[in-house]
Amino acid sequence: MTVIQSLIKKFKGRKRLSQIPRIVPKAKELEDKGFFAKGGFDVVFLLLVCVLLTIGVVMMFSASYISAKNSAVTHHDPYFYLKRQAFFAGIGIVAMLIISKINHNFFRKLAPWIFLISLALLVIVLFAPASVEGKEQFKRWLEIPGIKLRFQPSEVAKFGLIIFMAWAFERYQRHLEIRKWTMTFIFFVIVACFAVLVFLEDHLSGAILMLGIGIAMGLLGGIDLKLYAVGFFVAVIAVILVINNPDILPKDYMKERIEFWLVKDYTDTDARYQTNQSLFALGSGGFFGLGLGNSKQKFLYLPEPQNDFIFAIVGEELGFVGCAFIVILFALLVWRGFSIALKARSTFGRLMTMGIVIQVGMQTILNILVVTDMMPNTGISLPFFSYGGSSLVMLLAEMGFVLSVSRSSRISKKH
């Protein structure tokens, strides 16, 4: 049975997810089962994560070793990015396996605290951001004192928003039924706060992703579709207004990215340079690609190819076939996550799992749209592929939450 068929079967004759009959009468009955989760986790989901992570690390090394070799920041070590990414991948895998063994209902109790911590970090980073060479204008990083380890609070905040909304929708289902407008307004304010705080970090793509997560969680959690009509209309008007009047944006680089995205000047060597080099890489890859390690654009043509534009190097080296294969892997990951969620034994587990895989799918789509010049360059990473320690550890930890839910999910774990 496909995910679409499962969704149709589950939602037939119902307006919202909260109306799906629960497998157990009360969430507390699940909490009494202990701290550690019982049963085996979903092997298919874990396999998809491992395959994406392995391909991602290999492609990150292939994309980065030239720039690492020629950079004084990396001490001219071609393996600099690989060693760091592998180190954080190891930490992330350990975190994923540990979290997968913990009963996911235990995290229900922590959801409000995770939400408050995420919100606090987003505020703190605005007043005490860590300086990153070449990116001094951005306020995206905090530094852990003593070990000089930087991380992006927005990575924590994405999960904080997901787990809080999963907890809130389960806890306040009846209130949502009775006070639709009031509850919808409260949830909208929460999502807007997260999005605005991330936007103030000069992280436009992060703000867009926050809004997308909030909208998706609202739809899944039970907010009446009719109440989305006004918000959708306002969003469309806002997008049209910004595209036609980019001067209303507060930062010059935001204005330039939209203006040059509209112009499509492929000879531009300034504002569109990175995007144009990305398109050249994708075009030169053709159908089957130039072969692993044979990219030309990573030879200091495409700036920082190991980061947001790594998919361009994937396209150049592995071609359309390789890109299609990777997109299919991401689609299968989202599909398997939904399969786990639809058969979860609690509303909290169901919503949290759906929110996590939707975040991965949404982030992947946005990254590919940017790399292929179908939307302005907003600086969004590709899950499992782009270089970044905090994002990779947080992503793998989220996969651990999905695996934890899968242990109690009524889904076949072997195929």
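The values are calculated or read from the model by the stated rules, or taken from the named source; none is laboratory data. None of the values given here were measured: they were computed from a predicted structure. As a convention, Cβ positions derive from the backbone with ideal geometry for all residues, glycine included, and neighbour counts pool all protein chains shown.
Restricting attention to the stretch 75-110, and to residues there that are part of a helix (DSSP H, G or I) and among the aromatic types (Phe, Trp, Tyr), which single residue is nearest to the chain's Cα centre (by Cα)? If you could, list the steps in order and put the result at the bottom.
Initially, the stretch 75-110 is screened for residues part of a helix (DSSP H, G or I), giving 80-101, 106-110.
From what is left, the residues that are among the aromatic types (Phe, Trp, Tyr) are 80-81, 87-88, 106-107.
On the way: 80: 25, 81: 21, 87: 21, 88: 17, 106: 23, 107: 20 Å.
Ranking the candidates gives 88 first.
Within the stretch 106-127, count every residue that is more than 17 Å from residue 397 (Cβ to Cβ), out of contact with any Lys or Arg (no Cβ under 7 Å at 6 or more places or on another chain) and crowded, with 21+ Cβ neighbours inside 10 Å.
1
One residue is enough: does the stretch 199-222 have a residue meeting the conditions in contact with a Lys or Arg (Cβ under 9 Å, 6 or more places away or on another chain) and among the β-branched types (Val, Ile, Thr)? Outline the logic, then answer.
Residues of the stretch 199-222 that are in contact with a Lys or Arg (Cβ under 9 Å, 6 or more places away or on another chain), as a first pass: 200-204, 206, 209-210, 213, 219-222.
Next, only the ones that are among the β-branched types (Val, Ile, Thr) stay: 213.
Scanning the stretch 199-222, I find at least one residue that is in contact with a Lys or Arg (Cβ under 9 Å, 6 or more places away or on another chain) and among the β-branched types (Val, Ile, Thr), so the answer is yes.
Filter the stretch 62-74 down to the residues that are among the hydrophobic types (A, V, I, L, M, F, W, C) and either touching a residue at least 12 places away in the same chain (Cβ under 8 Å) or part of a helix (DSSP H, G or I) (or both) and list them by number.
Listed by number, the residues that qualify are 63, 66, 68, 73.
So which helices (runs of 4 or more DSSP H) are wholly in the stretch 220-323 and hold at least 3 residues that are at pLDDT 90 or above? Break it down into steps so the answer makes sense when it comes.
Details: elements: 228-244, 252-263, 273-285.
Output list reads 273-285.
Does residue 210 count as over 22 Å from the mean Cα position of the chain (by Cα), of a type in the set (A, V, I, L, M), assigned to a helix (DSSP H, G or I) and surrounded by 15 or more Cβ atoms within 10 Å (Cβ to Cβ)?
no
Only one of 410, 350 is assigned to a helix (DSSP H, G or I), farther than 19 Å from residue 97 by Cα, of a type in the set (Lys, Arg) and more than 15 Å from the chain's Cα centre (by Cα); which?
350
Which of the numbered conditions does residue 182 fail, given that it passes all the others? Conditions: (1) surrounded by fewer than 18 Cβ atoms within 10 Å (Cβ to Cβ); (2) modelled with pLDDT of 80 or more; (3) of a type in the set (S, T, N, Q).
(2)
Among the residues of the stretch 276-299, count how many are in contact with a helix residue (DSSP H, G or I) (Cβ under 9 Å, 6 or more places away or on another chain) and over 24 Å from residue 55 (Cβ atoms).
0
Look at residue 381 and say whether it is touching a strand residue (DSSP E or B) at 6+ places or on another chain (Cβ under 9 Å), closer than 16 Å to residue 159 by Cβ and hydroxyl-bearing (Ser, Thr, Tyr). Lay out the reasoning, then the answer.
Numbers: touching a strand residue (DSSP E or B) at 6+ places or on another chain (Cβ under 9 Å): no; closer than 16 Å to residue 159 by Cβ: yes; hydroxyl-bearing (Ser, Thr, Tyr): yes.
Spelling it out, it is not the case that residue 381 is touching a strand residue (DSSP E or B) at 6+ places or on another chain (Cβ under 9 Å), closer than 16 Å to residue 159 by Cβ and hydroxyl-bearing (Ser, Thr, Tyr).
Which one is surrounded by the most Cβ atoms within 10 Å (Cβ to Cβ), of the residues in the stretch 33-76 that are in contact with a Phe, Trp or Tyr (Cβ under 7 Å, 6 or more places away or on another chain) and small (Gly, Ala, Ser)?
By that ranking, first place goes to 64.
Given the residues 52, 82, which is the only one that is at pLDDT 95 or above and more than 21 Å from residue 206 (Cβ to Cβ)?
Details: 82 fails: at pLDDT 95 or above.
The unique qualifying residue is 52.
On the basis of being buried (at least 21 other Cβ atoms within 10 Å of the Cβ) and either in contact with a Pro (Cβ under 7 Å, 6 or more places away or on another chain) or modelled with pLDDT under 90 (or both), does residue 347 make the cut?
Taking the combined requirement at face value, the residue satisfies it.
Scan the stretch 368-390 residue by residue and report those that are at pLDDT 90 or above, surrounded by fewer than 24 Cβ atoms within 10 Å (Cβ to Cβ) and part of a helix (DSSP H, G or I).
If the condition is that a residue be at pLDDT 90 or above, surrounded by fewer than 24 Cβ atoms within 10 Å (Cβ to Cβ) and part of a helix (DSSP H, G or I), then 368, 369 are the ones that fit.
Residue 315 - would you say it is touching a residue at least 24 places away in the same chain (Cβ under 8 Å) and at positive phi?
So residue 315 does not fit the description; no.
Which of (1) in contact (Cβ under 8 Å) with a residue 60 or more places away in the chain; (2) closer than 30 Å to residue 347 by Cα does residue 264 not meet, given it meets every other one?
Residue 264 satisfies every listed condition except (2).
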